[in-house]
Amino acid sequence: MNRRQFLQATTAVLVLCAGQAYADALADAKAVVEKYATPVTKWDGPTTGPKAQAGKTIVVLAGDLKNGGILGVSNGVEEAAKAIGWEVKVLDGAGSIGGRTAAFGQAIALQPAGIIIDGFDAVEQAPALEQAKAAKIPLVAWHAGPTIGPDDKNGLFANVSTDAMEVSKAAADWAFVDAKGKPGVIIFTDSTYAIAIAKADKMKQEIERLGGKVLEYVDTPIAETSQRMPQLTTSLLQKYGDSWTHSLAINDLYFDFMGPSLASAGKGGTDAPINVAAGDGSQSAYERIRAGQFQKVTVAEPLNLQGWQLVDELNRAFAGEKWSGYLSPLHVVTADNIQSDGGPKNTFDPDNGYKDEYKKIWGK
């Protein structure tokens, strides 16, 4: 074999290997998407636990009730509290550190039996956490940091969440498959929250692992999306043009304010850049997906179920038992499956009988 023949043979082998690697990456990503896009019909949560601890009053500290995920969890807590026989008061932190600090102070002054931190980093409110600990008020949380379950460092009996890294992986994998293995991605996150950075980092890592390209990693406050996203969208379109195929965001809220800018640039509702959210499955996201208007996917969390889980975890804390260990399911929501699992009501609400299961545990 002469040198020319050797080079031709080597090139052929490399092309063959690259083609196989591409096919394998695409198949792996498709398998992940299909796994999480199927209906959730089986209860895989706790079946035993303490009976309802009577006569409790609890407070929900909502990071920002304008955030659909936080609102959905808060509504779930209120529904579950009614079922277990507790009183509940919801305080809105209104999307700012100052607002959350004031709400936390108000919560402690109310001397509740327990507090639920809903949708903000617990570490942000370290002095208030110490006050709650000194007052022996149990704390449970939703998305209060990257740790799932007990968080002794921050004094949390349990931090409730889906597996945020799987949420991020599923969103990135969908974008990779949709782009036929050649996505040009812009990732939107908010460094105010440790969990948001962890999710964005995972999406970046997954896209690059599969062989896609991350054009830019944008850090912009989620509480300021209404002011920032219109102009930011226009600027990114001017900068990247058609190479921007997909947007990946840590929350649906980023896409609430992109539509007008995309439309004014001549984009149709299903044209690139295609928007994919790694959480939380807001009402507006469902409406956009159903209408084919500037969002194709949300990787939704079962917000109402998680509200029930938070009440169950508090009940376990009151009874002196351990946390349940339950990791709630996630769901890749698309136009193809939006009619299942609560989709007609614009939410991921698994048809797995979770309310009856929790009521059985509580003796209700």
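The values are calculated or read from the model by the stated rules, or taken from the named source; none is laboratory data. A quick note: this is a predicted structure, and the numbers were derived from the prediction, not measured. FYI the Cβ positions are ideal-geometry reconstructions off the backbone, even for glycines, and counts take in every protein chain you see. Note: areas computed on protein heavy atoms with side chains; ligands, DNA, RNA excluded. Shrake-Rupley method; radii C 1.70, N 1.55, O 1.52, S 1.80 Å.
One table, with the values for the structure above:
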item	result
Peptide ranges 246-253, 269-276 listed from the most packed, as the mean C-beta count within 10 angstrom indicates	246-253, 269-276
Within-15-Å neighbourhood charge of residue 131 [Cβ basis; K, R +1; D, E -1]	+1
Gain on full stretching of the segment that runs from residue 364 to residue 213 - 0.36 nm per residue minus C-alpha separation	49.2 nm
Considering only region 105-255, percent of DSSP beta bridges that pair antiparallel, nearest 5	10 percent
Percent carbon-and-sulfur accessible area, the chain, ignoring ligands, DNA and RNA, probe 1.4 Å	53 percent
Peptide ranges 111-124, 150-163 listed from the most packed, as the mean C-beta count within 10 angstrom indicates	111-124, 150-163
Efficiency of FRET from Cβ geometry, residue 197 and residue 290, R₀ 51 Å, rounded to 0.05	0.95
Among 296-305, 258-267, the order from most to least packed when residues are scored by Cβ within 10 Å on average	296-305, 258-267
Normalised contact order of region 263-318, rounded percent, pairs of Cα under 8 Å and 6 or more residues apart	34 percent
Dipole magnitude of the chain, debye to nearest 20 (Cβ charges: Lys/Arg +1, Asp/Glu -1, about Cα centre)	380 debye
Estimated distance in nm for a label pair at residue 30 and residue 94, the labels positioned 7 Å out from Cα along Cα-to-Cβ	5.2 nm
Label-zone membership for region 46-65, site residue 136, 7 angstrom Cα→C-beta point, backbone N under 18 Å	53-58
Mean ellipticity per residue at 222 nm, deg cm²/dmol - from DSSP H runs of n ≥ 4 across the chain, formula -39500 (n - 2.57)	-14500 deg cm²/dmol
For region 279-351: accessible area per residue (Å², 1.4 Å)	33 Å²
Positive-end extreme of charge dipole, the chain - chosen from 306, 339, 184 (charges on Cβ)	184
Estimated inter-spin distance, residue 264 and residue 357, nm [label 7 Å along Cα→Cβ]	4.7 nm
Rounded to 5, percent antiparallel among DSSP beta bridges of the chain	15 percent
